[in-house]
Amino acid sequence: MKRIISIIILTAFVAASYAQKADDILGIYFCVDPFSKKQSQAEIYKAKDGTYEAKVVWTNDIKGQDQVGLVFMRGLTYNAEKNEYQNGKIQYPGKKGTYKSYIRIVDGGKTLKMRGYLGVSMFGMTVDWKREDKVRPAPTK
């Protein structure tokens, strides 16, 4: 009986540490648009289905304020073996189509390497996102 209880406790501990590791991605990140060079912040959060999503929470572009709240990345799942988030889909505002994506956390959790691509990852672009503590104030005219 003690052995069964020990196995249950160990299994619960392993499951909890896996969830903690997967949730390391949660937070606010500063990024620069690779096409327009505009600055923004994205929030990565856990969706109701357990995957991870990202939405725009700040932009320095006064004309782009309508994009605040836009969910642009969906479906990220954590792959513990590769220590990366995979299967993401990005819908880039102003661009046709949907890009695939994956993310790796680097620099002790301070930076995300987000790779967006069409088809195979070789045909894509990697963008660094820097972790920040809070959402920046909206720009004024």
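Summary of computed values
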read-out: When each of LYS37/LYS89; LYS37/LYS95; LYS46/LYS100; LYS21/LYS95 is checked by Cα-Cα distance, pairs over 26 Å; value: LYS21/LYS95
read-out: Karplus-derived 3J(HN,Hα), 6.51/-1.76/1.60, for each residue of the range 27-34, Hz, glycine and proline x; value: x, 9, 10, 8, 8, 10, 4, x
read-out: Rounded tilt (10° steps) of 2-22 against the dominant C-alpha axis of the chain; value: 10
read-out: Candidates LYS55, LYS130, LYS37: whichever shows maximal mean-square fluctuation once the chain is modelled as a Gaussian network with Cα springs under 10 Å; value: LYS37
read-out: Relative contact order computed over the chain (Cα-Cα under 8 Å; 6+ residues apart), in percent; value: 19
read-out: Nonlocal amide H pairs with TYR92, under 5 Å, H built at 1.01 Å; value: TYR99
read-out: Low-density loop cleavage sites - chymotrypsin sites (Phe, Trp or Tyr not before Pro) in the range 110-140, where at most 16 other Cβ are within 10 Å (DSSP); value: PHE123
read-out: Phi-based couplings in Hz for the range 41-46 (Karplus 6.51, -1.76, 1.60; Gly and Pro marked x); value: 10, 10, 10, 9, 9, 8
read-out: Placed amide H near VAL57: partners under 5 Å, 5+ positions off or other chain; value: GLN41, ALA42, GLU43, GLY69
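Bear in mind that the values in this text are calculations on the coordinates, not laboratory data. Predicted model only: the values in this text are computed from it and were never measured. Ideal geometry is used to build each Cβ from the backbone, glycine not excepted, and the neighbour counts take in all protein chains shown.
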